[in-house]
Structures are given as C-alpha cells and as structure tokens.
1. Considering only residues that are in contact (Cβ under 8 Å) with a residue 60 or more places away in the chain and facing chain B (nearest Cβ under 10 Å), look in the range A:81-96 and name the one that is most open to solvent (accessible area, probe 1.4 Å).
2. Looking at this structure, is B:ASP78 more than 14 Å from every other protein chain (Cβ to nearest Cβ), modelled with pLDDT under 90 and not in a strand (DSSP E or B)?
3. Restricting the search to the range B:154-182, which residues are assigned to a helix (DSSP H, G or I) and open to solvent by less than 20 Å² (accessible area, probe 1.4 Å)?
4. Only one of B:ARG20, B:ARG66 is more than 36 Å from the chain's Cα centre (by Cα) and basic (Lys, Arg). Can you tell me which?
5. Just for the range B:278-293: of the residues that are at the interface with chain A (Cβ under 8 Å from one of its Cβ atoms) and not hydrophobic (A, V, I, L, M, F, W, C), which one is nearest to A:PRO110 (Cα to Cα)?
6. When residues of the range B:183-222 are filtered for being part of a strand (DSSP E or B) and open to solvent by 60 Å² or more (accessible area, probe 1.4 Å), how many remain?
7. When you go through A:LEU104, A:LEU165 one by one, which is the residue that is within 19 Å of the chain's Cα centre (by Cα) and in contact (Cβ under 8 Å) with a residue 24 or more places away in the chain?
8. Any idea how many residues of the range A:117-142 are open to solvent by 10 Å² or more (accessible area, probe 1.4 Å) and within 12 Å of another protein chain (Cβ to nearest Cβ)?
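The values are calculated or read from the model by the stated rules, or taken from the named source; none is laboratory data. From a predicted model like this one, the values you see are computed outputs, not experimental measurements. When we count neighbours, we look across all protein chains shown, and the Cβ atoms used for this are built from the backbone with ideal geometry, even at glycine. Note: areas computed on protein heavy atoms with side chains; ligands, DNA, RNA excluded. Shrake-Rupley method; radii C 1.70, N 1.55, O 1.52, S 1.80 Å.
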Amino acid sequence: MENEICCRQVSMVRNTVSGGRRQILKHICARFPAGSISEVNGPNGAGKSTLLYVMAGLLRPTEGEVLWNEAPVSRWSAGHRDRWRRQVGIVFQDLHLLEDVTALENVMVPLIPRGLSVGELRRKAFSAMERIGAADLASLPVARMSGGQRQRIAIARSVVNTPALLLADEPAAHQDRQGKDLLRVLFSDLKQQGVTIVVAGGREPALYNDGRTDFSFEMENGELKGPS
Amino acid sequence: MKRYRVENVLLWAAREILRRPSDAVMTGICLAVITAMMATVLLLSHAVSDTAGRILSVSPDLVVRRIDAGGWTSIPVDEGMSCIRTVPGVLTVRPRIWGAARTEQGPVTVVGAGSDFQLAAAGGGKILPPEPGRAVVGPGIEAVDGRLLISLGAAGPVAFAVAGRLPDETAMAAYDLVILDPSDAARVLGIAPGFASDLAVEVFHAAEAEVLAPELAQALPWPVRIITRAEAAKNYSGAVLRRGSLAALALLPAVLAVLVLVVVTVRERAFRAKTVGLFKALGWQTSDVFLVHLFESAMTAIPSVLLGLAAGYGLVFFPGASWPSRLLFGWQRQAPGLFLDPAGALAVLAEIGALILIPYLAAAAGPSLRASLADPQDLLEEGR
C-alpha cells in the first residue's frame, strides 16, 4: 500500500534528567493508511511527540519497528533514514525555526540540497507560505513574529517538499479560528493528494473537535488506544 | 534535478556566515595573523637558504687554504698552483687575495680583484676592477667625502677613493666588501708578493670535487684545509639560519594559537548540534551538512590565509623591509635582497596548508560527520 505507515510493537525507553530510565512508549501497534488524517490526543507527557519522532525516523525505537509501505524504516541506517525523510514533513511542537533568518529562508531549508534553482526554491517556498496564509510574512525575520505566525512558518516548511507523510505535533496550538480553518483546508488538500497525515493534539482535540478525522487515537502513559 | 545542489549549499554556507558575521570576522583575523607569523618565519628561512644557494653556485668547486699552528696562513702561489695542476681532474687554479681589515666603520672584507673582474652595476652599466688607490665598496659601507680609510696597524690608515658601489641586491654576499686592486689588497692584508690568501680550484666534473680533495691535500707540501662548494653552502646557510633561529621561536606561539583556534572551533561547532539535527530532520543528508560546514569554513579561512601569506611575503620581500637583515646579520638599514625560487614558495604554501588550513577545516567540518552518527532528535534536544 503506497504511503501507509505502521507501528508494530513499538516501545521506547529514554534516560531521564534524574539519571533513571523511563518507558515512554509501550508496545504501540497502529496503522495509518495512505491518504488518511489521524489524530492522536492525550495529556502532556503521554508520549505523543515521541511517537511522532519515532515514526519520522528521528529516533530509533528501543523495541518493535516502524514500517513504511511494509519497509522497516526504523531498522535502516542513519543515511537511508535521512534520504527517506525527504518524503516526510514534520511540524515540531517546539517549531525549531532558525530565529535570525527570514521566514522565506526558513521555509526553503528542506529544499536546499534538492538541486533546484534558486528561483524555483523561492517559488516553491512562497507557494507553501501562501497555502497557509503566511505569504505576507516572507521577508520578516522569524525572531520578530508572534507565536501563531511562527507556527504557520513551521507548517509551511513541513509541506514545502510535497511530503508523502506529514507528522504535525500540536499544529493548531497557537492558531486562532482563521488559522485553524486554513490548516484544515491545507490538510484536506494534502489528503486528496494521498498524503498520510498524523496530528498530535492535547487532552481535547484542538483541530478536529467536530470528529472529521478518519482515525482518532487516545494516548496515555505511553499506551495508544484506538482507533475510534 | 541535482544540478544546483552544490551551488545552493554554497549559498546557504554564505548565509550561515552572515548569520554570525562577528564570529567570521574574528576567526578570519585570527587566521590571518597566525598565517602571517608562520609565513614570515617559513618564507625567511626558505629565502635565506635559496639565496645562499644562488650565491654559492658561482663559487669555486674547491678552495684550498694553507694552515699552520696559528691558523690560516698565506700560500705561495707558484708552488701551490704547480702542485695542484699535477692532480688529474683539475681544470683551472687561480690565486685569491682576500681577508678582514679594519676601517673607521668597523671590520670589512677586503678582496683583490684582477683584470677579469666585472660586475653589472645598478644603473645598467658595468663596475670595472678598481685601479690602484681606488676602491669599489659593498652596499653596507659609507664613504666619507668619497674616501675610505683602511687601517694598516702601526703604519696608520691608508685612504682609498671610492670609485664605485656594488648594487643593493648583492648585499647578501657583498654587504661589507671592499674591492681593491690586488697589490693594494695584499698590502692592506699584509700578504707578501707571490703569496695569496687561498687558491680557487675548478674541476672537470663538479660531482668529483669531494673525491679530489684528499688528492689535492696529498699533492701539496703543506698542511691545507680544502672546502668544497657543498660544504661552503652548508656553512653559510647554517650560520645565517643559526642567527635567525630566534625567529623560529615565533612558530611556537603560532602553533599554539592554531591549537586554541581548533579547540574553540570544535566546541563552537558542537554547540551547533541543534542546527545539524534540524537540517537532518528536514531531509538533509550528512554530506549536505558536511558541505555547508566545509564551505562556510573555507569561505572564512581561505581569504584569511591568503591575506596572511601576502602580509608574510610583504614583511620578508617588500623593498626596504630591513628587519630580516637586522635579525640575521645585524645590518641597520640594508634590506637583504632575498630570493625565493618557485619550489621554495610552493613548499611554504604546502607547509602553511598543513599547519593551518587543514587542521582548521577539519575542526570546522568534522563535528558534522560525528553528528551524523546520532539520531536527529537527540541533536535537537542537546544543542542550543
């Protein structure tokens, strides 16, 4: 199946600040079909972000595996995962923007090593910003932006490389109603194009509180329940 | 599709420099200063060695000097030449009159020049052998009212009219030289008629000079010391470089400065782990990250090193740069007129590259390779 991602018995144990070890993910089994929107909700510290990072190949699971179209991505070498990640869009909870460059340059970052001309880079980045209603922010340094504006830049950056898989960690946390509407339209468009979307939310669904997602999961203490 | 990858990475590297312009400027200044220090010392030692080689390439294959219990002594010309001519392999023998004499300005080297002496003058003319009572002087000797007084010990000083001056570029060989008519030179140096300071010998094959030396010693009826051209070259550059060995101490702080710069750069780049993690999370490969760091470092380091090399070159070779001669020879004003052959210049470039450029580029780009082994999320969490 194209653009399908599965977690098979995924567990994650990480070191804590106090020097101990804590199990963050416990035997997660889930399937996210191609062209679907799934939402993972749960309280802070439930392990939602870690699950997204494991699915994106940013962390290796301690046990189990992540499969992308049946291929065990999580077992691949770092170099292979780097290459595969080119088809993954990520919105980080912390955004991770480069503060001292412009919004347009931030959005261009994933495209730089792709071999496009500078004109094409700018056009694609500008187009991604237009999709999320952030085109007017293109020339502003990120450091001068509000939380909501910064989040839109991070979202534009995640879709600029036309991903096959989009993993968004609380993408609506700083968005007003208009911003959330734009985000829903963007995700719907991407879904129409066959993109698999996984959105992590808070305790209550922030983006799809009307139940319009394809799959909804609940996460608590590293355990995933659902879909419903 | 991959056509513009390197260009884009290069542009991003330039953007990274502009993100931290003060860092780049400070690093550039440090590299330029360190390079200038190292280049000055290295260029000077190569130039002295090359110049000495050039001067001595026109010296005789062998020089025969007579010795006795008191040291050097003059050699009977006719007897010495006839003995030397009996040795197979000898091409020509000629007597030379030279030695140290005292003037008002201090000790000078007096040389007697025969009718075969001719030297190109600075203005394009020729300097001919001086007539009796006249002198041609080296660049380091000042004539007072066009005259030079040379002491003859108890007999008092004798005055010579200065008829010519050797060009400045001969300073390395002729700084304190006074060229006189051979009879004047012999009188000044106390050498009796029919005697010479030494005998200059040319042989058929220069490579055989060392083999001929013991045969010449056997052919002569007095104890002699025979110096080959290679020995003379070694003695000359060795003596000069010994005097300049203090300059080599400048290399020590320069090397330490490179080490400090390398350590600071490695630490600074390690702090950038978060950016490396972000780039990798956004689909960059290790080679892309490595290239950005390499280009960024090269864009700072290469112009700085070139600037430092130019400064070092200027300090050693700029017309009028007199400090090398003050350091090496104790001359007060005269530039040494140093020469550097292309191979020597390339050697200096290679040494600078090995000592500064390669360690700096490795320190700047290396951490990106190390970071490639870590998971991007770990880098995002650990970096600033």
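1. Within the range A:81-96, the match that is most open to solvent (accessible area, probe 1.4 Å) is A:GLN87.
2. It is false that B:ASP78 is more than 14 Å from every other protein chain (Cβ to nearest Cβ), modelled with pLDDT under 90 and not in a strand (DSSP E or B).
3. Within the range B:154-182, B:ALA171, B:MET172, B:ALA174 qualify.
4. So the residue among B:ARG20, B:ARG66 that is more than 36 Å from the chain's Cα centre (by Cα) and basic (Lys, Arg) is B:ARG20.
5. B:GLY283
6. Counting residues in the range B:183-222 that are part of a strand (DSSP E or B) and open to solvent by 60 Å² or more (accessible area, probe 1.4 Å) gives 1.
7. Among A:LEU104, A:LEU165, only A:LEU165 is within 19 Å of the chain's Cα centre (by Cα) and in contact (Cβ under 8 Å) with a residue 24 or more places away in the chain.
8. Counting residues in the range A:117-142 that are open to solvent by 10 Å² or more (accessible area, probe 1.4 Å) and within 12 Å of another protein chain (Cβ to nearest Cβ) gives 6.
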